[in-house]
Amino acid sequence: MERPVKLLLDTHALLWWWLDDPQLSPAAREAIADPANEVWVSAASAWEIAIKQRLGRLDGVPEASSRFMELVAADGFRLMPMQAAHALRAGGHPAEHRDPFDRMLAAQAELEQATLVSRDGALAGFGVEMLW
């Protein structure tokens, strides 16, 4: 039996989990579903979802913004707040990546020693452990 893993979901992984979307990889789906693992969702994902919903660029989960906390809790996921240390690491990290949400998620994964569940290969430049 493998030891439990602390997972931090990228926003697309979270949305695909909620939608039961086949784009979520089998390995990611299995790790998220494993009750031995801790699954975390960043406050940055709430922020990103709210912005994308406001801009009309988020299909499939119309209640993702209004019911965010309820949906996270229903799955037994934990909410990871954004802290000053995360923001400083995200802003100061030398890796080239323009998306502030991705930078925050990578910083949180690094500082909180979590495996980042993401299909975004560009995040590998941050040197965080990834799962897809």
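The values are calculated or read from the model by the stated rules, or taken from the named source; none is laboratory data. The model shown is predicted, which means the values in this text are computed figures rather than measured ones. For neighbour counting, all protein chains shown are included, and Cβ atoms are generated from backbone atoms with ideal geometry for every residue, glycine included.
Is there any pair with a first residue in the range 98-115 that is closer than 18 Å to A50 by Cα and a second that is polar (S, T, N, Q) whose Cβ atoms are under 7 Å apart and which are 6 or more apart or on different chains, and what are they?
Sorted first by the residue in the range 98-115, then by its partner, the pairs are F101/T11; M104/S42; L105/S42.
Give, as residue ranges, the helices (runs of 4 or more DSSP H) completely inside the range 42-132 that count at least 3 residues that are exposed (fewer than 14 other Cβ atoms within 10 Å of the Cβ) and modelled with pLDDT of 95 or more.
Numbers: elements: 43-54, 68-74, 84-92, 100-111.
Correct list: 68-74, 84-92.
Condition first: outside any helix (DSSP H, G or I) and buried (at least 17 other Cβ atoms within 10 Å of the Cβ). Can you find one or more residues in the range 13-21 that meet it? Spell out how you get there, then give the answer.
The initial filter retains those residues of the range 13-21 that are outside any helix (DSSP H, G or I), namely 20-21.
Pick out the ones that are also buried (at least 17 other Cβ atoms within 10 Å of the Cβ) and you get none.
Scanning the range 13-21 turns up no residue that is outside any helix (DSSP H, G or I) and buried (at least 17 other Cβ atoms within 10 Å of the Cβ).
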